[in-house]
Amino acid sequence: MSGPNYTSRRSRLLRAIKTVGVDALLLSGESNVRYLTGFTGDSTWLYLSNAATVLISDSRYETQIGNECCGLDVDIRDARKPMSLAVADVVKKAKARQLGFEADHLTVAQHAALHDRIESAELVSTSGLTERLREVKDKWELVQIREAIYQAERGIGVVRSSLRPDQTERDIRFTLEAAMRSFGATGPGFEPIVGVGPTGALPHAHAGDRRVSESPILLIDWGAETHSGYRSDLTRVFVTGRITRQMRNVYDTVLKAQQKAIAAIKPGAKCKSVDAIARRVIANGGYEKYFGHGLGHGFGLDIHESVRMSPLSEQVLEPGMVITVEPGIYLPGRFGVRIEDDVLVTNAGHEVLTSVPREFDDAVVEFLA
């Protein structure tokens, strides 16, 4: 399959620019620049208008840009020229009058520097223009995401087969990261969350020194990043000791909430309505106050992208969106259960892209003697 059509992506963004009343857009978000040009470095901005498309970078990346972004105009500055002055020169040459900037990515200090340097154009705040384009994945992007899922799933298989009572959360994290790399990943899609017992009750915990033997519940939230920059995001819970009635009840409640929510995913469904389905199951189970975060999110070049599955989200699902579905119940000081899968919205409904078993019996780990 051929690679991304960056020209088409930029053309779509140019059409979107018109709707916000600017004649040019300055992009400073690294993932947005990558999405529109294929450039994989940092400290590089993109000026985009119907009259000109210019990557503004520095001498460190001159050769790399030539290799990755053949055909694009480039403005290369050296250490004596600040980014704000380089941008001002490009804007003046291109004769832009209304210059949009990415309010979600530009710092206050960067905005002030641009304001002081740019005299030929008015700076106009914009938000989410490129992120909205990125919500719907094309065929090439879906191939990359499937590859990231493959790498993550193979990695967790290594972790499960080598799990030992004396392993620490940190040991498991490092084993998982190495395993995903051995299956082709550049690294983890984000810092893996590995939580034994009480650590797992922290939704965004950092792996520490707690050992598997200290609790019968182990939560792992992980994903891989491919060489193309696309990511995956999964969570599973493993039962490594004596099973209590409460553990089983919490697990079954979370799984039921997830499966009912996934069943409701289809084009036209409101994100907050899907979230409400899962939240209702958890509330009916008596655990409403122990599920505080949204049901899921979009992902791709970033692990959190702009599709939001939450009680506040008015977004409507469209074919090509890829989202996580990850309800959880977190009992402070005891344990947490979260089950997370990656789901593609299709024309006919949805496709669950992840395949790691999720039934309770599948979560039970018996250590080898």
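The values are calculated or read from the model by the stated rules, or taken from the named source; none is laboratory data. If you're wondering where the values come from, they're calculated on a predicted model, not measured in any experiment. For neighbour counting, all protein chains shown are included, and Cβ atoms are generated from backbone atoms with ideal geometry for every residue, glycine included. To get the accessible areas, we keep the full protein, side chains included, count just its heavy atoms, and leave off ligands, DNA and RNA. Shrake-Rupley method; radii C 1.70, N 1.55, O 1.52, S 1.80 Å.
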Select from region 164-182 the residues that are among the acidic types (D, E), surrounded by fewer than 22 Cβ atoms within 10 Å (Cβ to Cβ) and assigned to a helix (DSSP H, G or I) and list them in ascending order.
D171, E177
Could you tell me whether any residue of region 326-333 is within 19 Å of the chain's Cα centre (by Cα), part of a loop (DSSP other than H, G, I, E, B) and in contact (Cβ under 8 Å) with a residue 24 or more places away in the chain?
yes
Under the condition of being among the basic types (K, R) and free of Cβ contacts under 8 Å to residues at least 24 places away in the same chain, which residue from region 245-299 is nearest to P216 (Cα to Cα)?
R245
Is it the case that some residue within region 358-366 is in contact with a strand residue (DSSP E or B) (Cβ under 7 Å, 6 or more places away or on another chain), open to solvent by 50 Å² or more (accessible area, probe 1.4 Å) and part of a strand (DSSP E or B)?
no
Counting only residues that are among the small types (G, A, S), out of contact with any Lys or Arg (no Cβ under 8 Å at 6 or more places or on another chain) and over 23 Å from W140 (Cα atoms), which one in region 326-357 is least open to solvent (accessible area, probe 1.4 Å)?
G336
Please go through (1) open to solvent by less than 20 Å² (accessible area, probe 1.4 Å); (2) more than 22 Å from the chain's Cα centre (by Cα); (3) hydroxyl-bearing (S, T, Y) for T126 and return the number of the only condition it doesn't satisfy.
(2)
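Out of the residues in region 225-266 that are among the hydrophobic types (A, V, I, L, M, F, W, C) and part of a helix (DSSP H, G or I), which is most open to solvent (accessible area, probe 1.4 Å)?
To start, the set of residues in region 225-266 that are among the hydrophobic types (A, V, I, L, M, F, W, C) comprises 234, 237-239, 243, 247, 250, 254-255, 257, 261-265.
With part of a helix (DSSP H, G or I) added as a condition, the list becomes 247, 250, 254-255, 257, 261-263.
On the way: M247: 18, V250: 0, V254: 0, L255: 17, A257: 0, A261: 0, I262: 8, A263: 76 Å².
Among residues in region 225-266 that are among the hydrophobic types (A, V, I, L, M, F, W, C) and part of a helix (DSSP H, G or I), the one most open to solvent (accessible area, probe 1.4 Å) is A263.
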Can you tell me how many residues in region 1-47 are within 23 Å of the chain's Cα centre (by Cα), of a type in the set (F, W, Y) and open to solvent by less than 50 Å² (accessible area, probe 1.4 Å)?
3
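Yes/no matrix, rows are residues, columns are (1) at positive phi; (2) in a helix (DSSP H, G or I); (3) under 17 Å from the mean Cα position of the chain (by Cα); (4) not small (G, A, S):
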| site | (1), (2), (3), (4) |
| --- | --- |
| R132 | no, yes, yes, yes |
| V143 | no, yes, yes, yes |
| I149 | no, yes, yes, yes |
| G184 | yes, no, no, no |
| G195 | no, no, no, no |
Identify, by number, the condition in (1) at pLDDT below 95; (2) under 30 Å from Y230 (Cβ atoms); (3) not hydroxyl-bearing (S, T, Y) that A79 doesn't meet.
(2)
In this structure, does G286 turn out to be under 26 Å from V322 (Cα atoms) and either small (G, A, S) or not in a helix (DSSP H, G or I) (or both)?
no
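Residue check: is R97 among the charged types (D, E, K, R) and open to solvent by 30 Å² or more (accessible area, probe 1.4 Å)? Break it down stepwise before answering.
On the way: among the charged types (D, E, K, R): yes; open to solvent by 30 Å² or more (accessible area, probe 1.4 Å): yes.
Judged against the criteria, R97 is a match.
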Please go through region 295-320 and pick out each residue that is in a loop (DSSP other than H, G, I, E, B) and either at pLDDT below 95 or under 16 Å from V274 (Cα atoms) (or both).
L295, S310, P311, L312, S313, E314, Q315, L317, E318, P319
Residues that are under 28 Å from the mean Cα position of the chain (by Cα) and charged (D, E, K, R), drawn from region 59-92:
R60, E68
Within region 339-347, is there a residue that is at pLDDT 95 or above, farther than 18 Å from Y230 by Cα and touching a strand residue (DSSP E or B) at 6+ places or on another chain (Cβ under 9 Å)?
yes
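Looking only at region 14-39, count every residue that is touching a strand residue (DSSP E or B) at 6+ places or on another chain (Cβ under 8 Å) and among the charged types (D, E, K, R) and tell me the total. First the steps, then the outcome.
Restricting attention to region 14-39, the residues satisfying the condition of being touching a strand residue (DSSP E or B) at 6+ places or on another chain (Cβ under 8 Å) are 14, 17, 20-29, 32-33, 36-37, 39.
Narrowing the set further to residues that are among the charged types (D, E, K, R) leaves 23.
Summing the residues that are touching a strand residue (DSSP E or B) at 6+ places or on another chain (Cβ under 8 Å) and among the charged types (D, E, K, R) in region 14-39 gives 1.
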Test each condition in (1) open to solvent by 30 Å² or more (accessible area, probe 1.4 Å); (2) over 25 Å from K139 (Cα atoms); (3) assigned to a helix (DSSP H, G or I) for D75 and report the one that comes out false.
(3)
Residue check for Y47: touching a residue at least 24 places away in the same chain (Cβ under 8 Å) and touching a strand residue (DSSP E or B) at 6+ places or on another chain (Cβ under 8 Å)
yes
